[in-house]
1. Among residues belonging to region 17-29 that are touching a strand residue (DSSP E or B) at 6+ places or on another chain (Cβ under 6 Å) and within 15 Å of R161 (Cβ to Cβ), point out the one that is nearest to the ligand (Cβ to nearest atom).
2. Could you tell me which numbered condition E353 fails, if it satisfies all but one of (1) modelled with pLDDT under 95; (2) open to solvent by less than 30 Å² (accessible area, probe 1.4 Å)?
3. Taking the condition within 16 Å of the ligand (Cβ to nearest atom), surrounded by 24 or more Cβ atoms within 10 Å (Cβ to Cβ) and aliphatic (A, V, I, L, M), does A14 pass?
4. Given the conditions (1) open to solvent by 30 Å² or more (accessible area, probe 1.4 Å); (2) at pLDDT below 95, which single one is not true for S236?
5. Please find, among G77, G69, the residue that is surrounded by 24 or more Cβ atoms within 10 Å (Cβ to Cβ), in contact (Cβ under 8 Å) with a residue 24 or more places away in the chain, assigned to a loop (DSSP other than H, G, I, E, B) and more than 12 Å from the ligand (Cβ to nearest atom).
6. Is it the case, given these coordinates, that H299 is crowded, with 20+ Cβ neighbours inside 10 Å and either within 14 Å of the ligand (Cβ to nearest atom) or closer than 30 Å to D202 by Cα (or both)?
7. Do you know which of the residues in region 2-59 that are in a loop (DSSP other than H, G, I, E, B) and at positive phi is farthest from the chain's Cα centre (by Cα)?
8. Under the condition of being touching a Lys or Arg at 6+ places or on another chain (Cβ under 8 Å) and closer than 21 Å to W117 by Cα, which residue from region 383-408 is surrounded by the most Cβ atoms within 10 Å (Cβ to Cβ)?
Amino acid sequence: MTDIFNPKNISLLAEPDILVIGAGSAGCLAALAAASQKKYSVMLVERYGFPGGTSTQMLDTFYGFFTPGTSPKKIVGGLPDRVVDELYKTNDMFLRPNTYGAGTGVNYNPERLKLVWDKLITEAGVNYLLHTSLVDVVREESERKTCIFWNKSGFYKVKARRVIDASGDADFCALSGYPFEIAGENEPAQSMTTTFRMSNVDQQKFESAGGNKMMKERMADAFENQTHLLPRKEGSAHEMCQSGCVSTVAVKVSDLNALKVDELTKAEIEGRKQAFEYERFFRDKVPGYEDSKIIGLSHQIGVRETRRVYGEHRLTKEECLSGRISDSSVLLCGAPIEDHRKGKDGQDETYWEYIPGTGIYGVPYGTLVPAGSSMTWVVGRCFSATHDAHASCRSMAQTMSMGQAAGFATVQSLKTDCDTKDIDVTMLRDNLVRFGQILEVPDSVADTTRNGWKNNKNRI
Ligand SMILES: Cc1cc2nc3c(=O)[nH]c(=O)nc-3n(C[C@H](O)[C@H](O)[C@H](O)COP(=O)(O)OP(=O)(O)OC[C@H]3O[C@@H](n4cnc5c(N)ncnc54)[C@H](O)[C@@H]3O)c2cc1C
C-alpha cells in the first residue's frame, strides 16, 4: 500500500504559473483576469461539478454593480461586465429595482450562468478542473507552492508559482498557516440561508393583492401568531428570469459554525425544514402562490462568512463609512452594511447602515494580501475585513472585482518578479482602469431600468 500522506508518493498533476483555488464569483474572475494577459499558464480548481460557487449554487442577483439610492451610479466594470454581457445576449438577465435596500440588482438565470462561466473560462485557455478539492498544502519548496488535491481519481500534487485563494473559507491560507479570524469569534457570525425557488406563481394576482408590502405583512403576521413556524418576520421573494418562478432569501439558521461539519449538517437539515415551512406559508397565505411548489433548493446551505484572513490591510467599518477612495484602492463598493444577525430579543434581524456622502468607498489592495505573504492572494468572502466591513463588501460585483484585481496582480508580480506585497499599485490600478474597471466616483447616473444594461458605459 502506498503511503498517500507522503507528498513524495503523490503524482504531480500540473505546474501552472498561477493556481486559483475555488471557482466562485471571485475565483472565476481571478482566473479570467490572469488568463486575459495571455502570458502565463493558469489553472482553476473547484470542488463541485460546476462553476460559480454561491452565484450559481443558490442565488440569481448580482448586487454591487450599482450604488443604492435615488441616483444610482455604476461602480464596477471590466471583466464582470463581460459576464453580464454574455447573459444579456441570451436574454438571461434583467435589472431589478431596489426593492430590498441593496440597490439595483442584476438579476440572472443561474443555470445559464454556469454555462457562461464554463464558456469564458475554457475560451480563455484556463486549465480547468472540477470535482477536485484542495486537502493540504506542503510547506514552501523553493519557488513554488505545492498543493495536494483529492478527486475520484486519487490524490494529486500541483506546484504553482503564484496562488490565489478563492475558496470562500480561505482553505489554502488556513492550511498554509496565514492568520485569520473565524466569524463568531468576536461578533456573532452572520446567519446561514437555504434559498429556494418556487414555480407556478401567478405574479399578476400577487401584485393586485398588494405585492411585496402585502407579503411582508402576512409574513410578520404568520410569525407573530405562530400559524407557521417561520424563523423571522421578514424575507425576500422576487421574480426570476424564468417566468412564473420566484426566488427567495428567507430561511435563517444561526449559531452554527459552517467550518464544523457536524454543525453544518445540522444547518442543512434545519434549512430544508424551514424552506418547506415557507412553502406551506406561501401557499396558505399569499395570493398568487396557491398552486406553487418548491422546484429547487440551494445546492448547499448559503454560508455568508467563515474565515476572514488578516491581510496587509484590514478593511474596517470606519473606513467603509468614511467614503474614502485612496491611491491604493483596486475596487469600489457602495453597498450598505447589511448584517444578518440575531437581535437582542433573540429574534433574527437584519441591520442596515448606508455609506454617507458619495455613498462609495475604495477597497485597498492590501485587503487581498495575506499578512506576510510573498506569492499568495486571497479574494472573495474570505478577504481581509472586520465583520462589519465584510457585511458591506461581500456582494458579488465586489467579489468579482477582487478576483479581477488579484488576477492582474499575479501577472504583474510574475512579469516584474516581485512579491505579493511589493506590487506597484499605481501600475495595477492603471491596468484595471484600461480594462474598464471604475476607480473614481462616476459623474453620471446609471440607467437602471429593467432593460438598461446596455446603456451603461465602461464596457471593454
Ligand atoms: C444566502 C446568501 C445570500 C446572498 N445574497 C446575495 C445577493 O443577492 N447578491 C449578491 O451580490 N451577494 C449575495 N450574497 C453574498 C455573495 O453571494 C458572496 O459573498 C459571494 O458569492 C462569495 O463569493 P466567493 O467567490 O468569495 O465565494 P463562494 O461563492 O463561496 O465560492 C467559493 C468556491 O470555492 C470552492 N471551494 C471551497 N473550498 C474548496 C476546496 N477546498 N477546494 C476546491 N474548491 C473549493 C466552492 O465550492 C466554491 O465554488 C449572499 C450570500 C449568501 C450566503
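The values are calculated or read from the model by the stated rules, or taken from the named source; none is laboratory data. From a predicted model like this one, the values you see are computed outputs, not experimental measurements. Every residue, glycine among them, receives a Cβ derived from its backbone with ideal geometry; neighbour counts consider all protein chains shown. What goes into the accessible areas is simple: the full protein's heavy atoms, side chains included, and nothing from ligands, DNA or RNA. Shrake-Rupley method; radii C 1.70, N 1.55, O 1.52, S 1.80 Å.
1. Looking at residues that are touching a strand residue (DSSP E or B) at 6+ places or on another chain (Cβ under 6 Å) and within 15 Å of R161 (Cβ to Cβ), I get I21.
2. Against the list (1) modelled with pLDDT under 95; (2) open to solvent by less than 30 Å² (accessible area, probe 1.4 Å), E353 comes up short only on (2).
3. The answer is no for A14.
4. S236 satisfies every listed condition except (1).
5. G77
6. Taking the combined requirement at face value, the residue does not satisfy it.
7. K38
8. That would be T399.
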